[in-house]
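Participant: Quick one: the structure is below, and I'll ask about it shortly.
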Amino acid sequence: MTASNKADEWKVSPVFTIPKPGPDGKDVPYGLQGVNNKFAIVDGPVIAGAKNKQLVHIWGGTPEKTEQLFNKSVKVIGTSKETGKVVTAFEGAIGVPNENIIKPPHYYSEAVGYLILPSKGIWKLDAYVDNKSFGSIVIEVK
């Protein structure tokens, strides 16, 4: 691996928005950090040592594959750039959307829970659904 690839591996993931239904049913922009159409978390501060309430977003690639993720377990493994420490940062299950609010086709799935990382710095998060990898993102923990 070249030095530039190694640096890219720890580059903080970008922030982007997706449309989500608001209280009135109309789409509103929703800020996420990660890899669009793969794996992302809600854009916001992640505090070291705290239970950060989080909505993990995972895309299956197609609406059919995304729907196959519903009710499956999600685990996110965190690796610290500074210390190399590896922790289970998040565990949860993908919920089944309320069809009255989120109409099919389902482009993404969500798992609610707490993201817990023990120290400040740069962390790589690897997402798994039923032990299958769904990508990695890099965040800064404050």
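Participant: Can you tell me which residue is farthest from Glu64 (Cα to Cα) among those in the range 101-116 that are touching a strand residue (DSSP E or B) at 6+ places or on another chain (Cβ under 7 Å) and in a loop (DSSP other than H, G, I, E, B)? Steps first, please.
Facilitator: Within the range 101-116, the first condition is being touching a strand residue (DSSP E or B) at 6+ places or on another chain (Cβ under 7 Å), and the residues that meet it are 101-102, 108-116.
When the remaining residues are screened for being in a loop (DSSP other than H, G, I, E, B), the result is 101-102, 108, 116.
Working: Ile101: 18, Ile102: 15, Tyr108: 10, Ile116: 31 Å.
Once the filter is applied, the top-ranked residue is Ile116.
Conditions tested, residue by residue: (1) buried (at least 16 other Cβ atoms within 10 Å of the Cβ); (2) touching a Phe, Trp or Tyr at 6+ places or on another chain (Cβ under 6 Å); (3) acidic (Asp, Glu).
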{"residue": "Ala7", "(1), (2), (3)": "no, no, no"}
{"residue": "Pro14", "(1), (2), (3)": "no, no, no"}
{"residue": "Ile18", "(1), (2), (3)": "yes, yes, no"}
{"residue": "Asp27", "(1), (2), (3)": "no, no, yes"}
{"residue": "Gly31", "(1), (2), (3)": "no, no, no"}
{"residue": "Asn36", "(1), (2), (3)": "no, yes, no"}
{"residue": "Gly44", "(1), (2), (3)": "no, no, no"}
{"residue": "Ala48", "(1), (2), (3)": "no, no, no"}
{"residue": "His57", "(1), (2), (3)": "yes, yes, no"}
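Participant: Suppose we filter Gly78, Gly31, Gly49, Gly25 for residues that are within 20 Å of Leu125 (Cβ to Cβ) and part of a loop (DSSP other than H, G, I, E, B); which single one remains? Before you say what the answer is, go through the steps one by one.
Facilitator: Details: Gly78 fails: part of a loop (DSSP other than H, G, I, E, B); Gly31 fails: part of a loop (DSSP other than H, G, I, E, B); Gly25 fails: within 20 Å of Leu125 (Cβ to Cβ).
Of Gly78, Gly31, Gly49, Gly25, the one residue that is within 20 Å of Leu125 (Cβ to Cβ) and part of a loop (DSSP other than H, G, I, E, B) is Gly49.
Participant: So, in the range 73-102, of the ones that are in contact with a Phe, Trp or Tyr (Cβ under 7 Å, 6 or more places away or on another chain) and open to solvent by 50 Å² or more (accessible area, probe 1.4 Å), which residue ends up farthest from Gly34 (Cα to Cα)?
Facilitator: In this case the residue turns out to be Val96.
The values are calculated or read from the model by the stated rules, or taken from the named source; none is laboratory data. All of these numbers come straight from a predicted model, not from anything done at the bench. Glycine gets a Cβ as well: all are built from the backbone with ideal geometry, and neighbour counts include every protein chain shown. For the accessible areas, the whole protein counts, side chains as well, though only heavy atoms, and no ligand, DNA or RNA atoms are used. Shrake-Rupley method; radii C 1.70, N 1.55, O 1.52, S 1.80 Å.
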